[in-house]
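The values are calculated or read from the model by the stated rules, or taken from the named source; none is laboratory data. Small disclaimer: the values here were computed from a predicted structure and weren't measured. A quick note on method: Cβ atoms are made from the backbone with ideal geometry, for glycine too, and the neighbour counts reach across all protein chains shown. Note: areas computed on protein heavy atoms with side chains; ligands, DNA, RNA excluded. Shrake-Rupley method; radii C 1.70, N 1.55, O 1.52, S 1.80 Å.
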Amino acid sequence: MPQRHEHLTKASETESLALALNSSRSVCVDWAVTMLFYAALHHIDAFLAGKNLHPLNHSNRDEEIENNGSIA
C-alpha cells in the first residue's frame, strides 16, 4: 500500500502535468481537470495513509472520510 509521502509525490507530479498540459494546449482543459481530480484524491489518500488507513476504492474512501473527521 502506498505510504503518505508516495501519495504526496504522485499528487504533485499529477498537478504539474495537468498545469503543463493546460498551458500548452487549451483544448486539453478537460484532461487537466480530470488529472487535478486524481491529484486531489491522492491528497486525501495521503491524509488517510498518515492515519494508517488505506481505502481500496471510492466507497471505502468516503467511509473513512466520514469516520475520521475533517481533512481540511
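Quick one: accessible area per residue over the chain, 1.4 Å probe, rounded to a whole number of Å²? Intermediate values should be presented prior to the final figure.
On the way: 5090 Å² over 72 residues.
With all protein chains present, the chain gives 71 Å² per residue.
Could you tell me the relative contact order of the chain? Use alpha-carbon pairs under 8 Å, at least six residues apart, and round to a whole percent.
Worked out over the chain, it gives 36 percent.
Which one of 36, 56, 48 has the biggest mean-square fluctuation once the chain is modelled by GNM with Cα springs under 10 Å?
56
How big is the dipole moment of the chain about its Cα centre under a simple scheme where the beta carbon of each Lys and Arg is +1, that of each Asp and Glu is -1, and everything else is neutral? Debye, nearest 20, please.
Working: 5 positive and 9 negative charges, 40 e Å.
For the chain, the charge dipole is close to 200 debye.
Compute the acute angle (0 to 90°) between the alpha-carbon long axis of helix 4-24 and the principal axis of greatest extent of the alpha-carbon atoms of the chain; round to the nearest 10°.
20 degrees
When the accessible area of the chain is split by element with a 1.4 Å probe, what percent falls to carbon and sulfur?
Within the chain, the accessible surface is 55 percent carbon and sulfur.
Can you give the longest stretch of the chain with no exposed loop site, where a site means trypsin sites (Lys or Arg not before Pro) in a DSSP loop (not H, G, I, E or B) with at most 13 other C-beta atoms within 10 Å?
In short, 26-50.
If you compute percent of Cα pairs over 15 Å apart for the structure shown, which of (1) 58; (2) 55; (3) 68 do you land on?
(2)
Net charge around residue 48, counting only other residues with Cβ within less than 15 Å of its Cβ (Lys, Arg = +1; Asp, Glu = -1)?
Computed value for this residue: -2.
Along the positive direction of the dipole of the chain (beta-carbon charges: Lys, Arg +1; Asp, Glu -1; about the Cα centre), which of 5, 52, 38 reaches farthest?
Working it through, the farthest residue towards the positive pole turns out to be 5.
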